[in-house]
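Taking it in order: structure first as structure tokens, then the write-up.
The values are calculated or read from the model by the stated rules, or taken from the named source; none is laboratory data. Note that this is a predicted model, so its numbers are computed, not measured. Virtual Cβ from ideal backbone geometry, glycine too; neighbours counted across all protein chains shown. Please note that ligands, DNA and RNA were not included when accessible areas were found on the heavy atoms of the full protein model with its side chains. Shrake-Rupley method; radii C 1.70, N 1.55, O 1.52, S 1.80 Å.
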Amino acid sequence: MHFGKGAQGVRAQLEREIAGVVPDPAMLPDDLDERDAWMETSLGASRAWRVSKAVSEWHSTMHGLIAREAFEEVLPDLEPAIARYQTGGPASLEPAGPEDSAPSYWQGVNFHRTAGGWEDHPQQGYIHGEIVHRRLVEAMYPGGIFLQRRAIAAMPPRDDYARILDMGASTGHFTAALQETYPSAQITGVDLSLRALEHAQRVANAHGWPWRLYQRAAEQTGFADGSFDLVASYILLHELPAAAIRGVFAEAFRVLEPGGDMIMSDVTRYADMDRLGVWRADSGARYGGEPYWRESASLDLATVAREAGFVDVSAAGLGPRAYPHVVQGRKPL
């Protein structure tokens, strides 16, 4: 984190140099790969560019490993609480069975360049949810990542919901925002990472929340038709290829009761950026270990929602950076 902040002067110099080589973003090639090659060539002699790339590579590679080291330092103090809240409380967790195989897009991918993937460390859920997010990411964007979750949770049209499904619940940050917004709701969460869900279970147990957590794919939850009156997700879709995203919307439609609501939020759409902004986002995704970002961010999610059957569909990016992009819809009566 401090290494990244220390490189702010270098990034400021790089921004000045980018402005010099790209006076008008419309001049950049239409094809993204050609655009990236053009930028690499145009900035190749820039010292600020080379340093910035080195810093980004180091940060992407090392942040998770440093977080693990930090976890090991505090583990003796944490072990009693981890053991207590893993099983002591009202939340339940159902792991995938031996006959359930993870989708191909999940297998062998180290999302966010997490060393060994999400399941490699027995406490990867705590490391990602409490150290990477609360200590590193939150320090770079004070208040922002959790304020956004609460804002999205409050956007659906009704004041109260009884049965909510969080698709891609991960370590429970957005799940908690949903619970706090709709305190009487029964919350169900699905995710492919067992380590992440284990930490979500601890979070729920610590608060006395009876979450029902399942290690399942969001596009194939296994729940009965019409099981929920609100289906939601926060920043899940960029982790999925386009076919899986369409499957997620179709599954959300299936498990919603007639008249139920859907809200999905994700990264800024490429259609909402100029060509230079798209290049920045695309480059950052490659460094950040996001293999499906381009495919996902290029989708028109409102169209995907309508194709799944939703009506009263709306989609818009929030704030000056159009982040997050939020799509809402309703299942017809």
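Just want the answer: with Cβ charges of +1 for Lys and Arg and -1 for Asp and Glu, which residue in Thr181, Ala139, Trp118 is farthest toward the dipole's positive end in the range 99-185?
Among Thr181, Ala139, Trp118, the one farthest towards the positive end of the dipole of the range 99-185 is Ala139.
In degrees between 0 and 90, to the nearest 10, how far off the longest principal axis of the chain does helix 8-21 point, with axes built from Cα atoms?
Relative to the chain, helix 8-21 is tipped by roughly 60 degrees.
Can you tell me the length gained on complete extension of the stretch Ala139 to Arg158, counting 0.36 nm per residue apart and subtracting the Cα distance?
3.5 nm
What is the percent carbon and sulfur in the accessible area of the chain, measuring with a 1.4 Å probe over the protein chains and ignoring ligands? Before the final figure, lay out the partial values.
Working: 8230 of 15170 Å².
Roughly 54 percent, rounded to a whole number.
State the antiparallel share, in %, of DSSP beta bridges confined to the chain, rounding to the nearest 5.
Details: 11 of 32 bridges.
Of all bridge pairs located within the chain, approximately 35 percent are antiparallel.
Among 40-48, 73-81, 115-123, how do they line up from the highest to the lowest mean number of other beta-carbon atoms within 10 Å?
Ranking the peptides 40-48, 73-81, 115-123 by packing returns 115-123, 40-48, 73-81.
Label-point separation (nm) for Glu69 and Ala26, each offset 7 Å from Cα along Cα-to-Cβ?
5.0
Do you know the relative contact order of the range 96-191, to the nearest whole percent, from alpha carbon pairs under 8 angstrom that are 6+ apart?
RCO, the range 96-191: 22 percent.
What is the angle, in °, between the Cα long axis of helix 194-207 and the longest principal axis of the Cα atoms in the chain? Nearest 10 is fine, range 0 to 90.
60
Taking all protein chains together and a probe of 1.4 Å, list Ile131, Ile66 from the most accessible to the least accessible.
Greatest to least solvent exposure: Ile66, Ile131.
For the chain, what is the accessible area per residue in Å², given a 1.4 Å probe and the full set of protein chains?
It amounts to 46 Å² per residue over the chain.
What are the residues whose amide H is under 5 Å from the amide H of Arg163, where those residues sit 5 or more places off or on another chain and H is modelled from the backbone?
Residues meeting the criterion, in which the H sits 1.01 Å from N, are Gln186, Asp229, Leu230.
Could you order Met27, Met264 so the one with the most accessible surface comes first? Probe is 1.4 Å.
Met27, Met264
Using R₀ = 22 Å, calculate the FRET efficiency as 1/(1 + (r/R₀)^6) where r is the Cβ-Cβ separation of Ala151 and Ala83; round to 0.05.
My answer for the efficiency is 0.05.
Full extension from Tyr287 to Glu34: what is 0.36 nm times the residue separation minus their Cα-Cα distance, to one decimal in nm? Present the calculation step by step, with values, prior to reporting the outcome.
Details: separation 253, 0.36 × 253 = 91.08 nm, distance 1.78 nm.
Taking Tyr287 through Glu34 to full extension adds about 89.3 nm, to one decimal.
Could you order peptides 180-186, 267-273 by the average number of other Cβ atoms within 10 Å of their residues, highest first?
Highest-to-lowest ranking by the protection proxy: 267-273, 180-186.
What spacing in nm lies between the two simple spin-label points modelled at Ser60 and Gln107, each 7 Å away from Cα in the Cβ direction?
2.5
Among (i) 34, 26, 17; (ii) 29, 24, 16; (iii) 27, 21, 20, which is the computed semi-axes √(5λ) of the Cα gyration tensor in Å?
Correct label is (i).
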